[in-house]
Amino acid sequence: MQIPAPFEYARADTVDDAIALLARHGPEARIIAGGHSLLPMMKLRLARPEWLIDINDLFELDFVLRDGDRLRIGALTRHTTLLESTEIAALFPIVADAERVIADPVVRNRGTIGGSLCQADPAEDLATVCDVLGAEAIVRGPSGERMLTMTEFHRGAYETAVAADEVLCEVRIPIRSRSGSAYEKVERRVGDWAVAAAGAALSFAEDGTIVEASVGLTAVGLDGTVGAVTEPAPR
Ligand SMILES: Cc1cc2nc3c(=O)[nH]c(=O)nc-3n(C[C@H](O)[C@H](O)[C@H](O)COP(=O)(O)OP(=O)(O)OC[C@H]3O[C@@H](n4cnc5c(N)ncnc54)[C@H](O)[C@@H]3O)c2cc1C
């Protein structure tokens, strides 16, 4: 039987409370959201946090909201919500494409977009999706809020720019009026992690000319980096 090392537990009431708890308990404290990546790692003793800061009561981080030219998605938004959102499916078909092949309903009902991005597993599907769509990550800590591009956010395999006392609060995806996107994944069995996957997004001018193209790969690359290549299309 796999049992995690002993740990203390605190349940945050607000984002500020979570930040204060992280600051108080130092780098040995870890946020827990859906727990579908962190708990398996704790059971295998690959992670041994001394404190778990539970953010599941932070409903302020559970939203999908259109705001001007951005779609804002709270970090605690579950995979299931992303999969079932008709607004997201219409704006960014790549999200539904990816969500359909992420694990199974049990994982999708608990796992969050914030946890997926912060885990920074090179086989994590949403990292590629967010990268391809040019998403921005909003991170908050004791000294305030900052915005990171996905390139700045992901530093490598299992490594992000989110500091030990910071919380990823939301992801903002730019809405482009004429655009298309898709995600294709190769998996050994239904619901498995990707052997390899690819996402692509295109933006078009009024006459149908492609003005920007972005391609991202999942679980590909010797150094395990996560990232998309975006190119303005040649005229
Ligand atoms: C059987 C199984 C199959 C899976 N298959 C796939 C798959 O095919 N594709 C795929 O992409 N994923 C897959 N996953 C992973 C799944 O998508 C998880 O939901 C995701 O990896 C982590 O989300 P979570 O909310 O559970 O994060 P947690 O496990 O709670 O946290 C993960 C990490 O992120 C940190 N964290 C979480 N939220 C925040 C935040 N707001 N701010 C700062 N740090 C934060 C935690 O401290 C921890 O380090 C699978 C998982 C399982 C168990």
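The values are calculated or read from the model by the stated rules, or taken from the named source; none is laboratory data. All figures in this text were calculated on a predicted structure; none of them were measured in a lab. A quick note on method: Cβ atoms are made from the backbone with ideal geometry, for glycine too, and the neighbour counts reach across all protein chains shown.
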Task: Among (1) modelled with pLDDT under 95; (2) exposed (fewer than 14 other Cβ atoms within 10 Å of the Cβ); (3) not aliphatic (A, V, I, L, M) - the single one residue 224 does not satisfy - done: (2)
Task: Residues within region 13-34 that are within 12 Å of the ligand (Cβ to nearest atom), surrounded by fewer than 17 Cβ atoms within 10 Å (Cβ to Cβ) and not in a helix (DSSP H, G or I), tallied - done: 0
Task: The one condition in (1) within 12 Å of the ligand (Cβ to nearest atom); (2) at pLDDT below 95 that residue 139 fails to fulfil - done: (2)
Open item on the list: So for region 204-218 (the condition being in contact with a Lys or Arg (Cβ under 6 Å, 6 or more places away or on another chain) and within 21 Å of residue 149 (Cα to Cα)), does at least one residue qualify?
Closed with: no
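Per-residue answers, yes or no, for (1) in contact with a Phe, Trp or Tyr (Cβ under 7 Å, 6 or more places away or on another chain); (2) basic (Lys, Arg); (3) more than 26 Å from residue 56 (Cβ to Cβ); (4) at pLDDT below 95:
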| residue | (1), (2), (3), (4) |
| --- | --- |
| 158 | no, no, no, yes |
| 167 | no, no, no, no |
| 181 | yes, no, yes, no |
| 184 | no, no, yes, no |
| 188 | no, yes, yes, yes |
| 191 | no, no, no, yes |
| 202 | no, no, yes, no |
Task: Counted residues, region 123-134 - those being buried (at least 24 other Cβ atoms within 10 Å of the Cβ) and more than 8 Å from the ligand (Cβ to nearest atom) - done: 6
- [ ] Hand me the list of helices (runs of 4 or more DSSP H) wholly inside region 39-122 holding 2 or more residues that are touching a Phe, Trp or Tyr at 6+ places or on another chain (Cβ under 6 Å), more than 8 Å from the ligand (Cβ to nearest atom) and at pLDDT 95 or above.
- [x] 93-100
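Looking for something part of a strand (DSSP E or B) and under 23 Å from residue 220 (Cα atoms) - is there at least one such residue anywhere in region 158-176? Please lay out each step first, then the result.
Going through region 158-176, the residues part of a strand (DSSP E or B) turn out to be 159-160, 167-174.
Retained after the next criterion (residues that are under 23 Å from residue 220 (Cα atoms)): 159-160.
Checked against the condition, which is being part of a strand (DSSP E or B) and under 23 Å from residue 220 (Cα atoms), region 158-176 yields at least one hit.
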Open item on the list: Just checking, does region 135-157 include any residue being in contact (Cβ under 8 Å) with a residue 24 or more places away in the chain, buried (at least 19 other Cβ atoms within 10 Å of the Cβ) and part of a loop (DSSP other than H, G, I, E, B)?
Closed with: yes
Open item on the list: I need every pair where a residue in region 175-199 that is closer than 14 Å to residue 95 by Cβ has its Cβ under 7 Å from the Cβ of a residue that is of a type in the set (Phe, Trp, Tyr), sequence separation at least 6 or different chains.
Closed with: 179/204; 181/92; 197/183; 199/183
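One line per residue, one yes/no per condition, for (1) among the aromatic types (Phe, Trp, Tyr); (2) in contact with a strand residue (DSSP E or B) (Cβ under 9 Å, 6 or more places away or on another chain):
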| residue | (1), (2) |
| --- | --- |
| 5 | no, no |
| 14 | no, no |
| 25 | no, yes |
| 29 | no, yes |
| 50 | no, yes |
| 57 | no, yes |
| 63 | yes, yes |
| 67 | no, yes |
Task: Check on residue 132, under 22 Å from residue 198 (Cα atoms) and under 15 Å from the mean Cα position of the chain (by Cα) - done: yes
